[in-house]
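Participant: Sharing a structure, written as structure tokens. Questions coming.
The values are calculated or read from the model by the stated rules, or taken from the named source; none is laboratory data. The structure presented is a predicted model; accordingly, all values stated were derived computationally and were not measured. Here the Cβ is made from the backbone with ideal geometry for all residues, glycine too, and neighbour counts use every protein chain on show.
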Amino acid sequence: MPGRRIAVVLGAVAMLAAGTAQQGHAVPKQPVPPQNGRPQSFAKPHLVGKPMRRAKPLSTRSFAATAPKVTIDVLDRNGAPPATADADSVLFIPLDGGDWLSADLQNGHAEGALPAGRYAVSAYVNTTDGNGATSTTLIYLSKVSITGDTSLTLDARKARPIHAAVDRSDARTVGIDALLTQKLGDTVETVAVLDGPDNYITPTGDDSQLTFWLQAQLTENGADTSPYLYAIAATRDGIPADPSLNVRTRDLAAVRIAYSGEGGAACVGTSAGVDWGTGLSVEGWAGQEPLPASRTEYITPGVNWLRAEYVTGTDCGFGFDDTDVRNRTERYPSAGPYARQWSAAPAGPAAGWIHWQTGQEPALVMRMLSSQNAQSSIAPYAHMTGTSTLRDANGEIVATSDQPGSANDWTHPASGKYTLTVDADRAAPWSDLATRQHIVWDLTVDDAAQVTLPVLRYSTTLDANSHGRAGEDQTITVTPDGTDGTPALQVSTDDGKTWTSTALRKSGSGWTAQVHNPASGYVSLRGTIAGVVDQTVIRAYGIG
């Protein structure tokens, strides 16, 4: 589709705040492999979730001789037929839920037979304006009845610009994304995606069967680095005559966000997108900062925001093979002030699973670099190597993987007792933390298709570079994730050469310990739940 710049990473709403961090995507996002040998970057919008249906080319279908002939002519915003490269196809979506069909456009023209019925008809059209800039128009006709030979003109001149604005004079749009969903038969499906900022769409007026979902990100003067971010959103029935999004700051959650460093010079980027519950979301790029950083983010309340954080080197390249990724869902119920944090150490595993059923890939899912407030992606990780090994009760290897916490093609073994061991070594230039991890699970395999892998999550208060204060007592909270077992904790200040048991006291849903920090260096943590899991994180946090 012309003008589409969204990278695929698959796998009027009230305006925003007492926000909660919720569990992220069921399977964490993984880096998309480079295409044609060129490095790819996270610094662009991402599609997340179930992709739209693929259309079947009309040229490959045959219909009854009585099928109506449909003629399509497309005009760009200058009123001229677009070149084929600027409008390559037209889409026919049956409103009864049948197969989507597409026809190739040749210089804005297409014709062919089409079964009689009611359709939504759409096309993406690029237009080069007088100043040399190129805009993209989504022409969308939500209800077209074809009962006999039909000629349609899809006119981009009828489109209106998609804009976003707030009551702050220096705020400029850095990204604006729209989704369309429509009821097709008995289900509601995503039928179009449009990302900005220079886009147009044709109004339909009120339409209870069609929903227009709109979100935008704004920063100071549209810069990548900004002391604030606006992430705003709204939804409407049908495509309105003015498809714009305008909000007041006082109606938003004002979230003070701290982005923690991990001991080395780094760059942090973020993305934001609403989970509308449609099955497909767009996470728009929301700028970057050197770590550590803090800024105020003004966010529409009352909706679930998919947030992702990307940490990379000082070049801010955000390449798929040189970036740590963490994600979470945030929801703020009302306008007002909030405080949140990203990348806060200690980093370690979040609860995962093994799924034995063939086709349910990856079979092993373990998020090895989750922070206390967000879940990481799964392997492969930047600057990390390791293995995952499943052994039976006799110590014989049953399955292996050359990635820490991730594996494919693991088939269901015989029922019995097993151990899973994950080892990871890390040497990221932006982090001197979580340099080694060693985790062992005691598993019972039966007829179930899935085995849960519980872990212990750690949280503690550190400075902006993930350091604790030298020589002072540090309160560490240990929270079981995926199990109700009672944990034990050991602490090391010599990178795991020696360990000291530390008392834990029940506190709410977790346990707390008082650890006396050394004068310098690092604190490593080893948590266990007898008969369940034994996990070690070397250099959980630094001292400074």
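Participant: Tally the residues that are more than 25 Å from the chain's Cα centre (by Cα) and outside any strand (DSSP E or B), restricting the search to segment 428-449.
Facilitator: Total satisfying the criteria: 6.
Participant: Could you check, for segment 507-521, whether at least one of its residues is in a strand (DSSP E or B), surrounded by fewer than 18 Cβ atoms within 10 Å (Cβ to Cβ) and modelled with pLDDT under 95?
Facilitator: Within segment 507-521, one or more residues are in a strand (DSSP E or B), surrounded by fewer than 18 Cβ atoms within 10 Å (Cβ to Cβ) and modelled with pLDDT under 95.
Participant: Another one. Report, by residue number, each residue of segment 471-506 that is acidic (Asp, Glu) and either modelled with pLDDT of 95 or more or more than 20 Å from THR461 (Cα to Cα) (or both).
Facilitator: GLU472, ASP473, ASP484, ASP494, ASP495
Participant: Just checking, how many residues over segment 36-79 are loosely packed, with under 12 Cβ neighbours inside 10 Å, outside any strand (DSSP E or B) and among the charged types (D, E, K, R)?
Facilitator: The number of residues fulfilling the criteria is 1.
Participant: Let me ask something else about it. Find the residue count for segment 488-506, including only residues that are surrounded by 13 or more Cβ atoms within 10 Å (Cβ to Cβ) and either touching a Cys at 6+ places or on another chain (Cβ under 8 Å) or of a type in the set (Ser, Thr, Tyr) (or both).
Facilitator: Final tally of qualifying residues: 3.
Participant: Inside segment 87-143, counting only strands (runs of 3 or more DSSP E) that do not spill past its ends, which hold 3 or more residues that are at pLDDT 95 or above and in contact with a Leu (Cβ under 9 Å, 6 or more places away or on another chain)?
Facilitator: 89-94, 101-104, 117-128
Participant: Separate question: All but one of (1) surrounded by 18 or more Cβ atoms within 10 Å (Cβ to Cβ); (2) part of a helix (DSSP H, G or I) hold for ARG250, so report the exception by its number.
Facilitator: (1)
Participant: Spot the failing condition for TYR338; the list is (1) assigned to a strand (DSSP E or B); (2) buried (at least 23 other Cβ atoms within 10 Å of the Cβ), and only one is missed.
Facilitator: Unmet for TYR338, out of (1) assigned to a strand (DSSP E or B); (2) buried (at least 23 other Cβ atoms within 10 Å of the Cβ): (2).
Participant: Right, next: Within segment 167-196, which residues are more than 20 Å from the chain's Cα centre (by Cα), more than 18 Å from TYR119 (Cα to Cα) and not hydroxyl-bearing (Ser, Thr, Tyr)?
Facilitator: Matches in segment 167-196: ASP167, ARG168, ASP170, ALA171, ARG172.
Participant: So which strands (runs of 3 or more DSSP E) stay within segment 154-221 end to end and still have 1 or more residues that are farther than 16 Å from ALA120 by Cβ and among the polar types (S, T, N, Q)? Quick ask: steps written out before the conclusion?
Facilitator: Numbers: elements: 164-166, 171-184, 187-195, 199-201, 210-220.
Here the list reads 171-184, 199-201, 210-220.
Participant: Checking the structure you have, find out if any residue of segment 343-358 is at pLDDT 95 or above and either within 23 Å of ALA231 (Cβ to Cβ) or of a type in the set (S, T, N, Q) (or both).
Facilitator: No.
Participant: Assuming ALA434 fulfils every condition listed in (1) at pLDDT 95 or above; (2) at negative phi apart from one, which condition is it?
Facilitator: For ALA434, the exception is condition (2).
Participant: Sticking with this structure for a sec: Of all residues in segment 385-407, which are among the polar types (S, T, N, Q) and either touching a Lys or Arg at 6+ places or on another chain (Cβ under 6 Å) or surrounded by fewer than 22 Cβ atoms within 10 Å (Cβ to Cβ) (or both)?
Facilitator: THR385, THR387, THR389, ASN394, THR400, SER401
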